[in-house]
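**Q** Dropping the structure in here first, questions after.
The values are calculated or read from the model by the stated rules, or taken from the named source; none is laboratory data. Since the structure is predicted, the reported quantities are computational estimates derived from the model, not experimental observations. A quick note on method: Cβ atoms are made from the backbone with ideal geometry, for glycine too, and the neighbour counts reach across all protein chains shown. For the accessible areas, the whole protein counts, side chains as well, though only heavy atoms, and no ligand, DNA or RNA atoms are used. Shrake-Rupley method; radii C 1.70, N 1.55, O 1.52, S 1.80 Å.
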Amino acid sequence: MLSSTENRYHMLLTGAAHAETCVALGRLDEAAKVIAEQLALARAAHARHFEAVARRVQGQLFAARKQWGEARLAFDEAITTLDASDSRLELARALYHRGALYQAMQNAEAARVDWTRARTLFEQMGAKPMLWRTHALLGQLAQTQKRDEAAEREFAAARAIVEELTAHMQDESLRANLLQRAAKVIPPLKPLTPRRAAKREFGGLTEREREIATRIAQGKSNREIADELIVSERTVTTHVSNVLSKLGFTSRAQIAAWVGEKGLARPQVEE
């Protein structure tokens, strides 16, 4: 409808979205035509923002065609322009999609860097529909790299956002659709083993670290703790440092108070 009018501004607003939808539907030839028209229109109007958005979508098109070099160039140009113009939402989208390109090219570290920056931007702007997907991608990446704790954190954040979004959806079909999409990229929660449940309850401290904390609460020195546990004093010093770091404390007195609050009268024995 707009193409039959002189309303070029609205064509600039809708063209990239039209092309992106075509890419998602696999109608790549149609997407290429729309993007070519969008780029010509943006350049003629000297509309750098809209040109950058069109280049981002063109990058998605090239990626869908496995034209990695062309896709990388399109994303790089879009990100450079959007970064300079402080278009944070579009910048985050471009980073998100370039991260996906890097993943397809098996450059995991570059993907992690782009997705981490995109996650920060989406979070700052409250763009939750994109934020949960970014958390999920970072979780999948961490999982493949055997960084299990990082993966769990990302997946937990993604689940929390999806739960928040679906809780406010009145349309059941939209709710079901979001849950279905989320289930494809976010693994289900695994039941915690007794050991992991205890670790989570006590600030991430391991059984040995809880033993150390309990003895600190009893007023024992590192040397005395080492003698009791039959380990080196250096090992105890390392454990104490880990306890302070995990609990966010700076003193042994804080550890002692925490032990009292948690009811750790003696070292906890895990099944």
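**Q** Can you tell me how many residues within region 29-63 are under 22 Å from A84 (Cβ atoms) and touching a helix residue (DSSP H, G or I) at 6+ places or on another chain (Cβ under 7 Å)?
**A** 21
**Q** So for region 46-54 (the condition being of a type in the set (D, E, K, R), more than 30 Å from A142 (Cβ to Cβ) and open to solvent by 80 Å² or more (accessible area, probe 1.4 Å)), does at least one residue qualify?
**A** Within region 46-54 (the criterion being of a type in the set (D, E, K, R), more than 30 Å from A142 (Cβ to Cβ) and open to solvent by 80 Å² or more (accessible area, probe 1.4 Å)), the answer is yes, since at least one residue qualifies.
**Q** Within region 171-181, can one find any residue that is open to solvent by 80 Å² or more (accessible area, probe 1.4 Å) and either over 26 Å from L137 (Cβ atoms) or at pLDDT below 90 (or both)?
**A** Yes.
**Q** Could you count how many residues in region 15-28 are farther than 23 Å from A84 by Cβ and either open to solvent by 70 Å² or more (accessible area, probe 1.4 Å) or of a type outside the set (A, V, I, L, M, F, W, C) (or both)?
**A** Of the residues in region 15-28, 6 are farther than 23 Å from A84 by Cβ and either open to solvent by 70 Å² or more (accessible area, probe 1.4 Å) or of a type outside the set (A, V, I, L, M, F, W, C) (or both).
**Q** Here's a follow-up. For a quick check of your reading of the model, give me the residue pairs whose first member lies in region 19-42 and is of a type in the set (D, E), whose second is surrounded by 19 or more Cβ atoms within 10 Å (Cβ to Cβ), with beta-carbon atoms closer than 7 Å and at least 6 apart or on different chains.
**A** What qualifies is E20/V57; E20/Q60; E30/C22; E37/G15.
**Q** Sticking with this structure for a sec: Condition (residue is among the aromatic types (F, W, Y), more than 19 Å from E164 (Cα to Cα), in contact with a helix residue (DSSP H, G or I) (Cβ under 7 Å, 6 or more places away or on another chain) and surrounded by 20 or more Cβ atoms within 10 Å (Cβ to Cβ)) applied to region 117-127: is it met by at least one residue?
**A** Our first condition is that a residue be among the aromatic types (F, W, Y); within region 117-127, this holds for 122.
In the following step, the residues that additionally are more than 19 Å from E164 (Cα to Cα) were identified as none.
The answer is no; no qualifying residue exists.
**Q** How many residues does region 78-102 contain that are in contact with a Leu (Cβ under 7 Å, 6 or more places away or on another chain), open to solvent by 40 Å² or more (accessible area, probe 1.4 Å) and in contact (Cβ under 8 Å) with a residue 24 or more places away in the chain?
**A** So the count comes out to 1.
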